[in-house]
Amino acid sequence: MWTEAGLLADGQNTRAQERPATGIVHLGLGAFFRAFGCVYITDAMAASGGDWGVVGVSLRSPQTRDALRKRDWSYTSVSLAPEGDKLREIAVLNDVLVAPENPKAVIVAMADPAVKIVTLTVTEKGYCHNPATGTLNLDHPDIQHDLAHNLPVSAPGYLVRALAMRHAAGHAPFTVLTCDNLPENGKLVRGLVLELAAQVDPFLADWIEAEGRFPSTMVDRITPATTDADIARIAILTDSADAAPVMHEPFAQWAVEDNFVDGARPDLEAAGVEMVRDVTAHEHMKLRMLNGTHSALAYIGYLAGHETIADTMADPVLAGYARALWAEIMPAVQAPEGVSLPVYANALFERYTNPAIRHRTWQIAMDGSQKLPQRILGTLRENMAEGRKTDGLCIAVAAWMRYVSGIDEAGQPIDVRDPLAERLRDLAAGQDTPANVVTAILTVEDIFSADLADQLRDPVTKAAEKIWSNGVRATLRELTS
Ligand code: CS2
């Protein structure tokens, strides 16, 4: 039930009511899943019941657990509409575990036969794969660790160990439901789990291959990181201290392939989830049209001195660039049935300009090396093969190169967060011209396959030369005029 701001003002939170028993373990409990999956699961149980309480797992730090514990794992979900906030109490979490503190407890929770689904939001880099090829990176330190030890540290490692425990105990596997922005995400995780399981025990891999289910999903809700100012504001509105509210846009869309072990799942349709046979079309559209432009605007916006996407879109030159990008991307997207791509692009434009959402360009700019292939490079590759326009997309790649070189247009250092940050910065630092920076960064095969690098060299160099000498804004003014 939606609650207008202020109605929670009795200082009472949460859960006088009984909690549903746990049926889901979630790996990677960040703001996104609490603003998205937890809300849908709450709605599904409100409509149709079921024991789909969630145990959340933080794979790294205790921060979220510590913040949520004070309110017995319930928290405020804040929908940020231009016309005002809507607040809602979400009480679907039954516990939060911190994996490094007690990895065994995480595996035991996942191996519990009452748990039917393991959901994941571990970000792109959390899968320890090679973004250019989609295969497991066996040299990744976390995978090396998981191959040498019984207690894992990586998400694929936890999945494999917990599935092994269920297999040994004669229980059915859980469904693995990934909610990260990766193409054919279920298929990808299935491949990674099978590769790792085969290294550990080929019989286990065979069992997972036969019995496991890995539906692909398309997830969508813009969820900027919660700030201290948000926490203070929500405390005033609700008159109750919540150290872990989540802030998100009103819009949400979840499309899920209906392929669960024994069909066991919450009544997601009742909560508005689109249950589909094949999610590829939804996923492509969202990754290319939303995430592709989001990343492009993040690098461009940051370099042009804008703190948020809404600020970036308030600049007519940059908003014009967003439109130009959609025009380039749309021919490389096959619309899901019943969807009009221009209408989808217009809706994205509205969502990006929502002034109530302070989504920082720096936040979206993170981990670009893991995001670019599925967000931008696939579209570029197809457009080049078809002889279609790519100017805006090449500017996005050049702007990312400028960003990861680590110095902004005012000569200030950029705090680049990316698993390849150091390598990318070093590659750029040794070069004396933008053309050489482009050539050096295109050698990173985790991101650019050799044939793609060859095709990109000239057009991205052209864009980089303009960006380095005139700045991003002037470059875009020329593109959009
Ligand atoms: C964003 C996404 O941070 C990012 O990389 O592009 O988190 C984006 O906000 C969501 O995918 C929207 O559904």
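The values are calculated or read from the model by the stated rules, or taken from the named source; none is laboratory data. Every value quoted in this text rests on a predicted model; they were computed, and no experiment measured them. Note that each Cβ is placed from the backbone with ideal geometry, even for glycine, and that neighbours are counted across all protein chains shown.
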If I ask for residues that are acidic (Asp, Glu) and part of a helix (DSSP H, G or I), which ones from the stretch 150-207 would you list? GLU195, ASP206
Candidates LEU476, LEU420, LEU427, LEU456 - the one that is buried (at least 19 other Cβ atoms within 10 Å of the Cβ) and free of Cβ contacts under 8 Å to residues at least 24 places away in the same chain: LEU427
Restricting to the stretch 227-236, count the residues that are of a type outside the set (A, V, I, L, M) and either touching a helix residue (DSSP H, G or I) at 6+ places or on another chain (Cβ under 6 Å) or more than 17 Å from ILE309 (Cβ to Cβ) (or both). 2
When residues of the stretch 289-307 are filtered for being touching a residue at least 60 places away in the same chain (Cβ under 8 Å) and farther than 14 Å from GLY368 by Cα, how many remain? 5
Taking the stretch 439-453, which residues are surrounded by fewer than 22 Cβ atoms within 10 Å (Cβ to Cβ) and assigned to a helix (DSSP H, G or I)? THR439, ALA440, ALA450, ASP451, LEU452, ALA453
From ALA114, ALA105, which residue is surrounded by fewer than 21 Cβ atoms within 10 Å (Cβ to Cβ), in a loop (DSSP other than H, G, I, E, B) and touching a strand residue (DSSP E or B) at 6+ places or on another chain (Cβ under 8 Å)? ALA114
Residue under question is ALA205, and the condition is that it be in the same structural domain as ALA91 (by TED's automatic domain parsing) and within 18 Å of GLN374 (Cβ to Cβ); does it hold? no
Pick out, from the stretch 291-369, the helices (runs of 4 or more DSSP H) lying fully within it that include 3 or more residues that are within 14 Å of the ligand (Cβ to nearest atom), within 30 Å of SER469 (Cβ to Cβ) and of a type in the set (Ser, Thr, Tyr). 292-303
Could you go through the stretch 215-231 and let me know if any residue there is within 18 Å of GLY23 (Cβ to Cβ), in a loop (DSSP other than H, G, I, E, B) and out of contact with any Gly (no Cβ under 9 Å at 6 or more places or on another chain). no
Given the criteria of a type in the set (Asp, Glu), in contact (Cβ under 8 Å) with a residue 12 or more places away in the chain and out of contact with any strand residue (DSSP E or B) (no Cβ under 8 Å at 6 or more places or on another chain), does GLU350 qualify? no
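Kindly evaluate ASP146 against the criterion of being more than 30 Å from MET289 (Cα to Cα), assigned to a helix (DSSP H, G or I), touching a helix residue (DSSP H, G or I) at 6+ places or on another chain (Cβ under 6 Å) and assigned by TED's automatic domain parsing to the domain that holds VAL78.
In short, yes.
This table checks each residue for (1) within 16 Å of the ligand (Cβ to nearest atom); (2) out of contact with any Lys or Arg (no Cβ under 8 Å at 6 or more places or on another chain); (3) over 22 Å from PRO141 (Cα atoms).
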| position | (1), (2), (3) |
| --- | --- |
| PRO183 | yes, yes, yes |
| ARG190 | no, yes, no |
| GLN199 | no, yes, no |
| PHE214 | no, no, yes |
Candidate set from the stretch 370-413 (those that are of a type in the set (Ser, Thr, Tyr) and part of a helix (DSSP H, G or I)); member that is surrounded by the fewest Cβ atoms within 10 Å (Cβ to Cβ): TYR403
Only one residue in ALA252, ALA210, ALA271 is over 30 Å from LEU348 (Cβ atoms) and either within 16 Å of the ligand (Cβ to nearest atom) or in the same structural domain as VAL115 (by TED's automatic domain parsing) (or both). Which one? ALA210
